[in-house]
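The values are calculated or read from the model by the stated rules, or taken from the named source; none is laboratory data. Here the structure is a predicted model, which means the values were calculated and not measured. Positions of Cβ are generated from backbone atoms using ideal geometry, with glycine treated the same way; all protein chains shown enter the neighbour counts.
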Amino acid sequence: MLACLVLLVPCVLAESAKNACVDCHAKLEGRLKIVVDETAAGVHGHKGMSCTTCHGGNAEDEARAKAPGSGFRGHIARSQVTELCGSCHADGSRMKTFNPSLRTDQLSLYHTSVHGMKRAQGDEHVAVCTDCHGVHDVLPASDTRSPVHPLNVANTCQRCHSDSELMKTYKLASAQFKDYSESVHHEAMAARGDLSAPTCSTCHGSHGAIPPGAGSVANVCATCHVLQAQFFNESVHKEAFPEGCATCHGSHKIKHPDDDFVGLAKGAACAECHSADDESGRTAQAIHDHLRRLEGQVADAAQLLDRATRAGMDVADAELQLAQAKESLTKARVRVHTASLARVDAELDAGITVAAKARSSAEEALHERTRRRKELIVPLTALLAVVVSLGAYIRELERNGRE
Amino acid sequence: MNAASRVQTWIDERLNLDEALSPLREKTVPVHRYSSWYFLGGLTLFLFLVQLFTGVLLLLYYHASAGEAFESVQNITNRVQFGWLIRSLHSWSANLMVFCAFAHMFSVALARAYRKPRELTWISGVILLFLVLGFGFSGYLLPWNTRAYFATKVGTEVAGQVPVVGRAIMIFMRGGEDVSGATLTRFFGLHVAVLPALAIGMLISHLLLVQKFGTSVPVSVEKEWDENPERRKEMRFFPNFFLRELIGWYIALAVLVVLAVFFPWELGTKADPFSPAPPGIKPEWYFLAQFQTLKLLPAHILHLDGELLGILGFGLGGALWLGLPFIEVFAGARRVRWVKIGILFVLIYLAGMSVVGYVAR
């Protein structure tokens, strides 16, 4: 009897937790058909919220589901979405009951965004909360399944921003996602899974999304590329290029710049404005040539070190020197933003010195290997002589023994 | 009388060495078609002596702490005069010693040289092999490189699977919950003090037993000799066999030097306990068969943990191997053939599984 009671308890509890909204909507057709409580799987469900939190009504009693006084709202229009979400998410005292570190400025930021401003003007097509976060099954942004997880943000934004017909109405381009997909930033995010790589919201903001103006592009890039921005601001290009970084690197389709990006060769950014006829053009070409020289020396030393390592020689110190040379090359590439040959060379010279040391260490290791192999002949000859002598001695000993 | 003879006489008058060494002079070694297998024991002994000599030299510069071990081995390899050679000789001779010890053991097993009265010789030999494996396991960690660190982690985890006492053994071996500087210190102590003391003691016992019972002759040869006594052939241990043994030692030394010069032992990168384990981490070749077996075992066998059963199986196998002379007696004369097949199976299994483990990704 007791066992039956114990078994019955969960059944009774399950019955009491039934959702009358789902029971009814499961029988409906079309957009209104809902067979499972989608909220339950999301962050709201986990915090104890259900259909009635947003839609009002009574979920426990089917007969009184839409009864007057139950606060039943039914369908929520797009125009009501942001304010409805904000009624909780902008309420600091309510939000901190769930998590004290949660931000509550999303709604106010939204009002400052292009989306929010257009919405305020009555535009029904701009994004509201549910367009990006989902409707019933809202997941935390840290969940990889969430449309606003860093890995998914670009895909979420492109649902509208790649719609050329829709974008035409706002006189906006629609190739940003395609361009971004070919960029070094997308490669870092999608191919290497680097969540710190920039996606749409990193540069444009999320709730307060706004296109950065020409003067602020450099500031956006500088949040990550601090030194590049600092060197650029010290250079003659600062005044010449109000668009800053985007002048040479573009905005969405930012490719991984190699040393050919500098100089006067075809495709080089410098060649867009300079030629071999002007002093700056020749400086750009010299920077390119000097970078290439160190790169060649690093590759040369690396190849020798690899040979020495494969020969079993320990070249840990030389590998450290090579790492320093590579670091100097990286630093020199950053200094390209100063547009000053002297400043680039200052870093390259340090790299050339250590690369030469690494090469010399590798050569020494290979010489040492050859020396060891050559000198091996001495102990081997001695050992062979001992073995032969012992053999002869044994033969002599046994011959005498037999006699 | 020259100076050397005078010194010898002086010592003999006091210690009577002549009488003490007389059993060695009388010792003989049987000569037959399998005689070359007798050299394996001596070769293992030579490699052990190389280990002792090079190990003591390495001790002069090695620092047994997680912060300094790798750098001290780097220093030995790169800066100490002939340090690279000593380190490579130590590593190569360790591996050759394990190989020779296994070869010696299987040659003894297949020749059934463990038969009465040599049971204790067999037991002391198998214990010596276990000690040699202990040397390998404890010495592997000492350079404190990535491979050694993670292989030790896996190895001590396996020990932790032993029922009831496993966790206590694992924590004792590691000196804590994880492989750390404390593990290195323990392994160092084990490698340079505990194991050498045990191994030297056991080696002396083994050699005394060999001396007492003489060299065993394979059953088939013994039968032939019984039927044709004129075919019985022996040679004196001193100097005839010993000089031949010496030739083997010199050749082994030459092989060791060639290996050390042409294939210097790799040091790798310093262990970083916070980095993830590199893919395809494997133990040394002499533990590969056991490692691969545990990998291939299903998670559950008859509702029991597969890995646990594997470990228990190895424990039981080791105990049976140690008691091989008694198993043969227990099996009786008619089932001796099955014991021999069992020995062959163990040999093929260990060799085959090692190859599978080596090529497996």
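Condition check ((1) touching a residue at least 24 places away in the same chain (Cβ under 8 Å); (2) farther than 21 Å from A:Cys203 by Cβ) across all residues:
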{"site": "A:Leu107", "(1), (2)": "yes, yes"}
{"site": "A:Thr112", "(1), (2)": "yes, no"}
{"site": "A:Ala120", "(1), (2)": "no, yes"}
{"site": "A:Asp123", "(1), (2)": "no, yes"}
{"site": "A:Val126", "(1), (2)": "no, no"}
{"site": "A:His133", "(1), (2)": "no, no"}
{"site": "A:Thr144", "(1), (2)": "no, yes"}
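Screening the stretch A:97-125 for residues that are in contact with a Gly (Cβ under 8 Å, 6 or more places away or on another chain) and assigned to a loop (DSSP other than H, G, I, E, B) and picking the one that is surrounded by the most Cβ atoms within 10 Å (Cβ to Cβ) gives A:Ser113. Output the residues belonging to the stretch B:263-292 that are assigned to a helix (DSSP H, G or I) and either more than 20 Å from B:Gly134 (Cβ to Cβ) or within 14 Å of another protein chain (Cβ to nearest Cβ) (or both). Within the stretch B:263-292, B:Gln292 is the sole residue that qualifies. The helices (runs of 4 or more DSSP H) found entirely in the stretch B:3-69 that carry 3 or more residues being modelled with pLDDT under 95 are B:3-15, B:17-20, B:22-26.
So if I check each of A:Val298, A:Val344, A:Val388, which one is within 11 Å of chain B (Cβ to nearest Cβ) and either at pLDDT 95 or above or in contact with a Ser or Thr (Cβ under 8 Å, 6 or more places away or on another chain) (or both)? Selected residue: A:Val388, the only one of A:Val298, A:Val344, A:Val388 that is within 11 Å of chain B (Cβ to nearest Cβ) and either at pLDDT 95 or above or in contact with a Ser or Thr (Cβ under 8 Å, 6 or more places away or on another chain) (or both).
Just one of (1) within 14 Å of chain A (Cβ to nearest Cβ); (2) farther than 30 Å from A:Glu364 by Cβ; (3) among the small types (Gly, Ala, Ser) fails for B:Ser72. It is (2).
Can you spot a residue in the stretch A:352-364 that is farther than 19 Å from A:Thr283 by Cα, within 14 Å of chain B (Cβ to nearest Cβ) and buried (at least 19 other Cβ atoms within 10 Å of the Cβ)?
Within the stretch A:352-364, one or more residues are farther than 19 Å from A:Thr283 by Cα, within 14 Å of chain B (Cβ to nearest Cβ) and buried (at least 19 other Cβ atoms within 10 Å of the Cβ).
When the residues of the stretch A:233-263 are filtered to those that are part of a loop (DSSP other than H, G, I, E, B) and among the hydrophobic types (A, V, I, L, M, F, W, C), the one that is surrounded by the fewest Cβ atoms within 10 Å (Cβ to Cβ) is A:Val236.
None of B:Tyr34, B:Tyr38 is within 26 Å of the chain's Cα centre (by Cα) and closer than 19 Å to B:Leu243 by Cβ except B:Tyr38. In the stretch B:240-256, of all residues being more than 7 Å from chain A (Cβ to nearest Cβ) and closer than 17 Å to B:Phe99 by Cα, the one that is surrounded by the fewest Cβ atoms within 10 Å (Cβ to Cβ) corresponds to B:Val255. Here is the figure for the stretch A:330-350: residues that are part of a helix (DSSP H, G or I), of a type in the set (Gly, Ala, Ser) and crowded, with 19+ Cβ neighbours inside 10 Å total 1. In the set (1) in contact (Cβ under 8 Å) with a residue 24 or more places away in the chain; (2) outside any helix (DSSP H, G or I), the condition left unmet by A:His75 is number (1).
Across the stretch B:74-114, the number of residues qualifying as surrounded by fewer than 18 Cβ atoms within 10 Å (Cβ to Cβ) and basic (Lys, Arg) comes to 1.
Kindly check whether there is at least one residue in the stretch B:257-264 that is under 20 Å from B:His90 (Cβ atoms) and exposed (fewer than 14 other Cβ atoms within 10 Å of the Cβ). There is at least one residue in the stretch B:257-264 that is under 20 Å from B:His90 (Cβ atoms) and exposed (fewer than 14 other Cβ atoms within 10 Å of the Cβ). Of the residues A:Gly208, A:Gly215, A:Gly193, the single one that is within 24 Å of A:Thr338 (Cβ to Cβ) and either buried (at least 16 other Cβ atoms within 10 Å of the Cβ) or modelled with pLDDT under 90 (or both) is A:Gly215.
Looking only at residues in the stretch B:228-239 that are touching a residue at least 40 places away in the same chain (Cβ under 8 Å) and at the interface with chain A (Cβ under 10 Å from one of its Cβ atoms), the one that is surrounded by the most Cβ atoms within 10 Å (Cβ to Cβ) is B:Arg236. Residues in the stretch A:252-292 that are farther than 19 Å from A:Val236 by Cβ and modelled with pLDDT under 95: 12 in all. Apart from one condition, A:Gly312 fits all of (1) away from chain B (no Cβ under 14 Å); (2) touching a residue at least 40 places away in the same chain (Cβ under 8 Å); (3) closer than 23 Å to B:Trp84 by Cα; the exception is (1). Do the conditions hold for A:Arg369, that is, is it over 28 Å from B:Arg79 (Cβ atoms) and either surrounded by 17 or more Cβ atoms within 10 Å (Cβ to Cβ) or within 14 Å of chain B (Cβ to nearest Cβ) (or both)? No: the conditions fail for A:Arg369. Where residues in the stretch A:315-329 are in contact with an Asp or Glu (Cβ under 9 Å, 6 or more places away or on another chain) and either within 27 Å of A:Val236 (Cβ to Cβ) or more than 14 Å from chain B (Cβ to nearest Cβ) (or both), which of them is surrounded by the fewest Cβ atoms within 10 Å (Cβ to Cβ)? Checked the stretch A:315-329; the qualifying residue surrounded by the fewest Cβ atoms within 10 Å (Cβ to Cβ) is A:Leu329. Scanning for something acidic (Asp, Glu), surrounded by fewer than 11 Cβ atoms within 10 Å (Cβ to Cβ) and either modelled with pLDDT of 80 or more or touching a strand residue (DSSP E or B) at 6+ places or on another chain (Cβ under 6 Å) (or both), does the stretch A:29-50 turn up at least one residue? Yes, the conditions are met somewhere in the stretch A:29-50.
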